[in-house]
Amino acid sequence: MSKSLLQFIIEEQRNIPGATGDFTGLLNDIVSACKQIAHDVNKGALIGVLGSAGSENVQGETQKKLDVITNEIFIKANEWSGHLAAMASEEMDDIYPIPAQYPKGKYLVTFDPLDGSSNIDVNISVGTIFSILRCPEGVTEPTAADFMQPGTKQVCAGYALYGPATMIVLTTGHGVNGFTLDRDVGDFFLTHPNMSIPADTAEFAINMSNRRFWEEPVQRYVEECVKGKDGGREKNFNMRWVASMVAEVHRILTRGGIFMYPFDTKDPTKPGKLRLMYEANPMSFIVEQAGGLSSTGRGRIMEIVPSGLHQRVPVILGSKNEVERVVGYHLEG
Ligand code: AHG
Ligand code: MN
Ligand code: MN
């Protein structure tokens, strides 16, 4: 039998001088949240969790019942154990400070409890994304300002993918490892050690319906992919769009590819769709740790100093040579 996720983390922790076990405890709570979410997502209509909640989140998006339920599950699993000082989620306007009755810890977590939630009612893969930061030294009552750390400061990032199998993929800055849930045993086991993204690919992912709103460099790149063997690249490309970032990133980690949700002019108040703190940064950390690249087109995503919890950024990530090409087109323009 392969290693359990917990064994893997404890063994990793032994290599970190001065580690107290706090981080292991935190990750264990996150894993337990993901197991509970996997359960609810898997039961679906049987337990009445599909459909709309009839409410809107801070970003003006209609919340699904499961957006609300999974947010609650994540909070409940993580607030009590003394590893966190505060949390921030896609589904909450402001940060969630740890309630007074619980001890406070030295970490902060940002999360997207249910990524790809437009897919939930049609039974297509969804996920959970998380990013762990250190609470600044000496801060016991963190505010949103304490979360405004660039992605390079992440201690750990990961996602759970609720697909045909439930998986957790994570990095602590020493490569990327994937674990699969054995439902009978109730634990995740290491099934995908040292995941790495091939530098070259012939597969791109973008929402083509936004084509008329893209900037010239993205128009040019996609045009070349679509022309295939008959165009300048002299190579055929395949296209995928799941509309669950977790599923797209997992595909790219498995067989390569490029994923783009680039800057567009569709809504002038939104410079891209994906959120920096709980989508773009954690996925960028994972992708870079697997040998890929992640950029806005004009700069490395993980170097952005955040200005808001729900800030949006353009995202271009995946196989190194393709991302470099798209970035090159931006720099030429
Ligand atoms: P969420 O469900 O957490 O709001 O995120 C959905 C995101 C992302 O997962 C996906 O890549 C993208 O939105 C899909 O957007 P379109 O519907 O515009 O294709
Ligand atoms: Mn999302
Ligand atoms: Mn979400």
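The values are calculated or read from the model by the stated rules, or taken from the named source; none is laboratory data. The structure presented is a predicted model; accordingly, all values stated were derived computationally and were not measured. Glycine gets a Cβ as well: all are built from the backbone with ideal geometry, and neighbour counts include every protein chain shown.
Summary table
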quantity	calculated
Residue check for Ala45: touching a Lys or Arg at 6+ places or on another chain (Cβ under 8 Å) and not in a loop (DSSP other than H, G, I, E, B)	no
Condition check for Asp121: more than 16 Å from Gly158 (Cβ to Cβ), part of a helix (DSSP H, G or I) and touching a helix residue (DSSP H, G or I) at 6+ places or on another chain (Cβ under 6 Å)	no
The stretch 92-116: number of residues that are in contact (Cβ under 8 Å) with a residue 24 or more places away in the chain, surrounded by fewer than 24 Cβ atoms within 10 Å (Cβ to Cβ) and either part of a loop (DSSP other than H, G, I, E, B) or within 13 Å of ligand 3 (Cβ to nearest atom) (or both)	8
Residues that are crowded, with 23+ Cβ neighbours inside 10 Å and in a loop (DSSP other than H, G, I, E, B), drawn from the stretch 76-91	His83, Glu90, Glu91
Looking only at the stretch 1-51, and only at residues there that are among the basic types (Lys, Arg) and touching a residue at least 60 places away in the same chain (Cβ under 8 Å), the one that is farthest from Ile69 (Cα to Cα)	Lys3
Only listed residue being over 24 Å from Glu248 (Cβ atoms) and either among the hydrophobic types (A, V, I, L, M, F, W, C) or surrounded by 15 or more Cβ atoms within 10 Å (Cβ to Cβ) (or both), chosen from Leu46, Leu5	Leu46
Given (1) outside any helix (DSSP H, G or I); (2) under 23 Å from Pro314 (Cα atoms), number of the condition Asn194 does not satisfy	(2)
Unique residue being within 30 Å of Gly138 (Cβ to Cβ) and surrounded by 22 or more Cβ atoms within 10 Å (Cβ to Cβ) when the list is Ile37, Ile30	Ile30
Residue match in the stretch 279-290 (condition: surrounded by fewer than 24 Cβ atoms within 10 Å (Cβ to Cβ), out of contact with any Ser or Thr (no Cβ under 9 Å at 6 or more places or on another chain) and at pLDDT 95 or above)	no
Among the residues listed as Asp40, Asp29, Asp22, the single one being out of contact with any helix residue (DSSP H, G or I) (no Cβ under 8 Å at 6 or more places or on another chain) and either assigned by TED's automatic domain parsing to the domain that holds Asp121 or over 14 Å from Ile168 (Cβ atoms) (or both)	Asp22
Scan of the stretch 256-280 for residues that are under 10 Å from His310 (Cα atoms) and either part of a loop (DSSP other than H, G, I, E, B) or not assigned by TED's automatic domain parsing to the domain that holds Arg212 (or both), ordered by number	Leu274
Positions within the stretch 101-121 being away from ligand 2 (no atom under 16 Å from the Cβ) and either of a type in the set (A, V, I, L, M) or touching a strand residue (DSSP E or B) at 6+ places or on another chain (Cβ under 6 Å) (or both), in sequence order	Lys104, Gly105, Tyr107, Leu108
Filter result for Met239 (within 16 Å of ligand 1 (Cβ to nearest atom), of a type outside the set (Lys, Arg) and at pLDDT 95 or above)	yes
Of the criteria (1) more than 21 Å from Pro282 (Cα to Cα); (2) buried (at least 18 other Cβ atoms within 10 Å of the Cβ); (3) modelled with pLDDT of 95 or more, which one Lys65 fails	(3)
Residues that are loosely packed, with under 15 Cβ neighbours inside 10 Å, in contact with a strand residue (DSSP E or B) (Cβ under 9 Å, 6 or more places away or on another chain) and either not charged (D, E, K, R) or not assigned by TED's automatic domain parsing to the domain that holds Ser117 (or both), drawn from the stretch 162-195	Ala165, Gly173, Val185, Pro193, Asn194
From the options Glu288, Glu279, Glu332, residue that is touching a residue at least 12 places away in the same chain (Cβ under 8 Å), acidic (Asp, Glu) and within 16 Å of ligand 2 (Cβ to nearest atom)	Glu279
